[in-house]
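Taken together, the values in this text are just the output of simple stated rules run on the coordinates, not laboratory data. Keep in mind that what you see is a predicted model, and the values were worked out from it rather than measured. Neighbour counts run over all protein chains shown; Cβ positions are idealised from the backbone, glycine included.
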Amino acid sequence: MGMLADRIAKNARHLRKWGRRQGFSCLRLYDHDIPEYPLSVDDYDGHFLVTLSQGAEFDPDLLGGLDYCELVVKTRGERGGELDPARSFLVQEGPMKFEVNLHAHQDTGLFLDHRLTREWVRSLSRGAEVLNLFCYTGSFSVAAALGGAGRVTSVDLSHNYLDWAGRNFLHNGLSMHPHLFVQSDILQWLPQALDVEQSYDLIVCDPPTFSNSKRMKQTFDLQKVHGSMLRGLQGLVRAGGRLIFSCNDRGFRLDDGLAFEEISARTRSEDFCRRGGHRCWLWSKAGTP
């Protein structure tokens, strides 16, 4: 495994210097760079998370030359345990702070690959009415609020994630008012918003690829529902407004009838360029705000 250890150490030297210059304390140090070693290594401000593909192995000695205070190893797809708040900690991303937890669930509370997207959302939000759908722990919502949004509406099916989003607001010194946190199935919420002619200057939609949660009236399959969902969201965008859509399904195909511009190259940061990462699209509505 000498080749793997060398690659991780080389990436770490380069990316940690780059991250310090950019004000990032969290980085992806390795992402299946070598086909024989299907795993990823993420550095959350000195707390290391290694995520293995099914059947892969990892020797902690491979990180022996790197400075870290904690090592957590997970297998992709395994279910995590209950959230233990005592194991949560804060990480810095430019002017933003986010609560993360490496031990519970498959995810950590912060998708590192959307770092540049969050900064872009922050820059677009001054005085805007912002909608964050599938908001998860509210990182886009925090970015918008810190960017001076007039109001941010965060919608998610999970009240646990909405509570987490609220804590992220507090970690950043943000008032909960006048922002809204809505627990709802987005596919049920959307037609109601259209009925009352709700509108927004900026919408961020970063959905899961698939969900069969018992709290949903129907199974959520992004490939099948994204066309009707995005057309509905276009109806919520004000003149001069923007709709940002993203997904992590590498096999995803955007509906041919949607006139969205793919902007993935602009939203992937240096530590997520090797394997492609998420894909991201932009739709802008004509007119003057």
- Note on the structure: Farthest towards the positive end of the dipole of the chain, among Gly166, Met176, Leu202 and with Cβ unit charges of +1 on Lys and Arg and -1 on Asp and Glu, lies the Cα of Leu202
- In nm, the gap between the two label points placed 7 Å beyond Cα toward Cβ at Val182 and Thr75 is 4.0 nm
- Item | Fully extended contour minus Cα-Cα distance, from Ser53 to Leu116, at 0.36 nm per residue | 20.1 nm
- Item | Share of alpha-carbon pairs per 10 Å distance bin for the stretch 138-289, given as whole % | 10, 36, 40, 14, 0
- Message: Can you tell me the length gained on complete extension of the stretch Leu83 to His14, counting 0.36 nm per residue apart and subtracting the Cα distance?
- Response: 21.5 nm
- Item | Calculated [θ] (222 nm, deg cm²/dmol) that DSSP helices of n ≥ 4 give over the chain, each run adding -39,500 (n - 2.57) | -8500 deg cm²/dmol
- Query: Asp67 versus Ser284, label points 7 Å from Cα toward the beta carbon: distance in nm?
  - Reply: 4.3 nm
- Query: For His14, His226, what's the fewest-to-most ordering of other Cβ within 10 Å of each Cβ?
  - Reply: His14, His226
- So for the chain: antiparallel DSSP bridges make up what percent, rounded to the nearest 5? 50 percent
- Item | Protection proxy ranking, peptides 133-146, 152-165, 261-274, average beta carbon neighbours within 10 Å, highest first | 133-146, 152-165, 261-274
- Alpha carbon centroid spacing (whole Å) that separates the stretch 255-275 from the stretch 173-194: 26 Å
- Who wins for biggest fluctuation among Gly166, Gly277, Gly23 in a Gaussian network model of the chain, springs between alpha carbons below 10 Å? Gly23
- When the dipole is taken about the Cα centre of the chain, and only Lys, Arg (+1) and Asp, Glu (-1) are charged at their Cβ, what size is it in debye, to the nearest 20? 680 debye
- Task: Would you calculate the separation in nanometres between label points at Gln198 and His105, each defined as 7 Å from the Cα along the Cα-to-beta-carbon direction?
- Result: 2.1 nm
- Note on the structure: On the formula 1/(1 + (r/R0)^6), with r taken between the Cβ atoms of Ile34 and Ala259 and R0 of 25 Å, the FRET efficiency rounded to 0.05 is 0.05
- Task: Counting only C-alpha contacts under 8 Å and six or more residues apart, can you give the relative contact order of the chain as a whole percent?
- Result: 13 percent
- Note on the structure: With the charge dipole of the chain built from beta-carbon charges (+1 for Lys and Arg, -1 for Asp and Glu) about the Cα centre, the Cα from Phe48, Pro38, Ala145 projecting farthest to the positive end belongs to Ala145
- Taking r as the C-beta separation of Arg231 and His159 and R0 as 35 Å, the FRET efficiency to the nearest 0.05 is 0.80
